[in-house]
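Enquirer: One structure, as structure tokens, below. Some questions next.
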């Protein structure tokens with residue numbers, strides 16, 4: 001469900017799996033073109049960006065395979081739940097992303113979907129490089145060790 005943050009933003013959906021599967025090297029805030037019924041559905045919190053990704057097609061950056069449920073109140077003007085949605089970035093940012101994807105074989109993954117302080121839907125996207133299995137094990141071990149350290153410090157102090 002949506003949760004309000006200290007900086008005035010409201011988190012709608014988070015891709016927690018992305019940080020486990022990928023090394024996130026850089027991130028950007030992108031606008032997203034939505035229909036009215038999609039915005040209403042986002043306000044209720046009926047969305048998922050975990051299996052989605054961003055790709056360059058038709059001269060623009062598109063969010064593919066994101067799920068925004070149909071809004072029940074928009075009976076006549078429904079949207080398709082898994083349609084492609086255009087992402088809005090500055091041209092210079094799009095060039096940087098395109099170069100990284102083409103040259104280095106990186107991918108663009110959505111990290112968070114939220115409403116900013118002005119109430120506009122924004123998508124935080126990250127430039128990502130895939131982790132190998134041993135990298136995932138290493139990050140799991142590091143996370144477990146930090147958790148263990150915190151427990152010990154809490155119990156002793």
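The values are calculated or read from the model by the stated rules, or taken from the named source; none is laboratory data. Everything quoted here is computed from the prediction, not taken from an experiment. Please note: Cβ atoms are built from the backbone with ideal geometry, for glycine as well, and neighbour counts cover all protein chains shown.
Enquirer: Among 51, 138, which is modelled with pLDDT under 90, loosely packed, with under 14 Cβ neighbours inside 10 Å, outside any strand (DSSP E or B) and within 13 Å of the chain's Cα centre (by Cα)?
Expert: Numbers: 138 fails: within 13 Å of the chain's Cα centre (by Cα).
Every option except 51 fails the conditions.
Enquirer: Working only within region 119-135, note down all residues that are part of a helix (DSSP H, G or I) and either without any contact (Cβ under 8 Å) to a residue 24 or more places away in the chain or loosely packed, with under 11 Cβ neighbours inside 10 Å (or both).
Expert: Taking region 119-135 as the starting set, the residues that turn out to be part of a helix (DSSP H, G or I) are 133-135.
133, 134 - these are the residues of region 119-135 that are part of a helix (DSSP H, G or I) and either without any contact (Cβ under 8 Å) to a residue 24 or more places away in the chain or loosely packed, with under 11 Cβ neighbours inside 10 Å (or both).
Enquirer: In the set 42, 61, 87, which member is touching a helix residue (DSSP H, G or I) at 6+ places or on another chain (Cβ under 7 Å), more than 30 Å from residue 139 (Cα to Cα) and not in a loop (DSSP other than H, G, I, E, B)?
Expert: Values: 42 fails: touching a helix residue (DSSP H, G or I) at 6+ places or on another chain (Cβ under 7 Å); 87 fails: touching a helix residue (DSSP H, G or I) at 6+ places or on another chain (Cβ under 7 Å).
On inspection, the qualifying residue turns out to be 61.
Enquirer: Select from region 1-38 the residues that are at pLDDT below 85, within 11 Å of residue 114 (Cα to Cα) and surrounded by 16 or more Cβ atoms within 10 Å (Cβ to Cβ) and list them in ascending order.
Expert: Matches in region 1-38: 9 only.
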